[in-house]
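One structure is given here, and the rest of the page talks about it.
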Amino acid sequence: MSVTVGFIGLGIMGAPMALNLLRGGYPLWVHDRRAEAAAPLAAAGARVCSSAEEAARPADVVFLMVADTAEVEEAVLGPAGVVAGAKPGTAVVVTTTTSPEASRRLADTLASRGVELLDAPVSGSEADAAAGSLTVMAGGRPEGFARVKPLLERLGSVVHVGPAGSGQLAKGCNQIVATLALEGVAEAFAFARQNGVDPVKVREALLGGFAASAVLAAQGERMLAEDFRPGFKARLHGEELGLVLETARRAGFALPGSALAAQHINALAGGAGGELDSSALIRVIERMNSRAKKGEEQ
């Protein structure tokens with residue numbers, strides 16, 4: 001039986017994700033607040049809708065990739081939102097990063113209306129979204145996950161982590177590891193350069209040893225090339241770390257490394273760097289050390 005898909009949010013990540021679903025043979029109804037964002041999908045054969053409600057009406061599964069929790073709730077529960085058009089039994093897959101608490105609340109609200117929610121945030125870049133090689137962390141009922149798994153596999157590798165909210169918690173864990181790795185790479189390169197050693201050669205050496213990582217490979221290359229065109233904007237990175245730290249605060253759990261790295265990301269985002277890729281964090285580290293050195297000279 002053919003599965004009809006609705007897709008809400010056609011930005012940097014959403015558009016290539018939606019295209020991969022369309023290329024997988026799924027009839028696709030799409031909506032974005034910016035009409036021009038839907039043009040590539042329309043050219044590929046998707047039906048463009050004027051609201052989330054319209055996109056949800058024929059759909060068996062509705063995906064959302066919008067900016068944040070507030071936009072998710074508006075797109076789902078608003079007057080022209082998904083629930084206004086969704087039939088009982090529809091599955092709503094939220095790939096936007098939100099807090100675990102928000103996902104659980106939304107899951108309960110939708111369940112009372114006969115609609116199932118799966119939180120399935122993703123990790124990866126725009127290039128990964130286009131290649132269908134994202135990492136998808138899913139939370140929700142096992143039965144619901146089994147139903148949408150073939151669609152999620154069009155987006156990348158998929159792991160069912162646990163009940164509703166678990167996908168978002170796993171994404172938070174991903175951000176902890178990735179951010180601390182980013183901080184480490186930025187500090188290592190700045191440290192090498194400050195001491196007269198070529199960070200290009202340092203990166204080459206580290207990639208062959210225990211310090212090797214995807215962050216060192218990809219974000220390290222960006223740092224050395226000073227290519228800070230946004231793959232993951234510093235502003236959004238800061239917002240996602242804020243969700244992690246708020247979840248930890250509610251649980252009375254200390255994340256000292258993440259809290260420090262968040263300050264550095266926010267220092268980047270709070271200046272002129274909010275729209276830059278978060279690999280521009282190296283500028284914050286170098287600026288801190290430049291000021292410290294000037295202080296010593298005085």
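Just so you know, all these numbers are worked out from the coordinates, no wet-lab data involved. Predicted model only: the values in this text are computed from it and were never measured. So basically every Cβ, Gly included, is an ideal-geometry build from the backbone, and we count neighbours across all protein chains shown.
Fewest neighbouring Cβ atoms within 10 Å first, the residues T4, T90 line up as T4, T90.
Relative intensity of the stretch 201-298 on a log10 scale, I(q)/I(0) at q = 0.13, 0.14, 0.24 Å⁻¹, equals -0.56, -0.65, -1.18, per a Debye sum over C-alpha point scatterers of equal strength in the absence of solvent. Compute the angle between helix 100-111 and the longest alpha-carbon principal axis of the chain, please, reported from 0 to 90 degrees and rounded to the nearest 10. Between helix and principal axis, roughly 0 degrees. Convex hull volume of the C-alpha atoms in the stretch 175-227, normalised per residue: 69 Å³. What separates the Cα centres of the stretch 256-288 and the stretch 131-177 is a distance of 28 Å.
Shown in residue order for the stretch 169-179 are the 3J(HN,Hα) couplings computed by the Karplus curve 6.51 cos²θ - 1.76 cosθ + 1.60 at θ = phi - 60°: 5, 5, 5, x, 4, 4, 5, 4, 5, 5, 5 Hz (x for Gly and Pro).
All Cα-Cα distances of the stretch 105-259, cut into 5 Å bins from zero to the largest, leave 2, 8, 14, 16, 17, 16, 12, 7, 4, 2, 1, 0, 0 percent in each bin in turn.
For the stretch 125-214, treating each Cα as an identical point scatterer without solvent, what Debye log10 I(q)/I(0) comes out at q = 0.12, 0.20, 0.21 1/Å? Rounded to two decimals, the profile gives -0.55, -0.96, -1.01.
When Rg and the Kirkwood radius Rh are both evaluated on Cα atoms of the chain, their ratio Rg/Rh stands at 1.02. Angle between the Cα long axis of helix 234-251 and the longest principal axis of the chain, 0 to 90 degrees, nearest 10? That helix lies at roughly 80 degrees to the long axis.
By how many nm would the segment from L207 to K87 grow when fully extended, if each residue of separation counts as 0.36 nm and the alpha-carbon distance is taken off?
Value of the extension gain: 38.1 nm.
Please give me, ordered by residue number, the chymotrypsin sites (Phe, Trp or Tyr not before Pro) of the stretch 205-292 that lie in loop per DSSP and have at most 10 other Cβ atoms within 10 Å. Taking the stretch 205-292 and a limit of 10 other Cβ atoms within 10 Å, the loop chymotrypsin sites (Phe, Trp or Tyr not before Pro) found are F210, F253. Net charge dipole, the stretch 169-297: roughly 200 debye, given to the nearest 20, about the Cα centre with Cβ charges of +1 for Lys and Arg and -1 for Asp and Glu. Compute the helix-to-body angle for 281-297: its Cα long axis versus the longest principal axis of the chain, expressed 0 to 90° and rounded to tens. Between helix and principal axis, roughly 20 degrees. Name the shape class, rounded, prolate or oblate, that the alpha-carbon gyration tensor gives for the stretch 1-145, where a ≥ b ≥ c are the square roots of its eigenvalues, rounded holds for a/c under 1.5, and otherwise prolate holds if a/b is larger than b/c and oblate otherwise. It comes out rounded by the Cα gyration axes.
Here's the list of aspartates and glutamates a cross-link from K233 could span, going by alpha-carbon distance under 16 Å and ignoring same-chain residues fewer than 8 apart: D68, E126, D128, E183, E275, D277.
A DSSP coil position with no more than 16 other Cβ atoms inside 10 Å describes the following GluC sites (Glu not before Pro) in the stretch 212-288: E226, E275.
Between G81, G45, G156, where does the largest GNM mean-square fluctuation fall for the chain, given springs only between Cα atoms within less than 10 Å? Top of the fluctuation ranking is G45. Using a Gaussian network model of the chain in which every pair of alpha carbons under 10 angstrom is joined by a spring, one finds that among A138, A70, A130 the greatest mean-square fluctuation is at A70. In a DSSP loop and with at most 15 other Cβ atoms within 10 Å, there are no GluC sites (Glu not before Pro) in the stretch 9-96.
For the stretch 88-166, the spread of Cα positions along the three principal axes, ordered from largest to smallest, is 37, 24, 18 Å. Of K171, K87, the sequence from fewest to most neighbouring Cβ atoms within 10 angstrom is K87, K171. Farthest toward the positive end of the dipole of the chain, out of A218, A46, I12, is the Cα of A46, where the dipole comes from beta carbon charges about the Cα centre.
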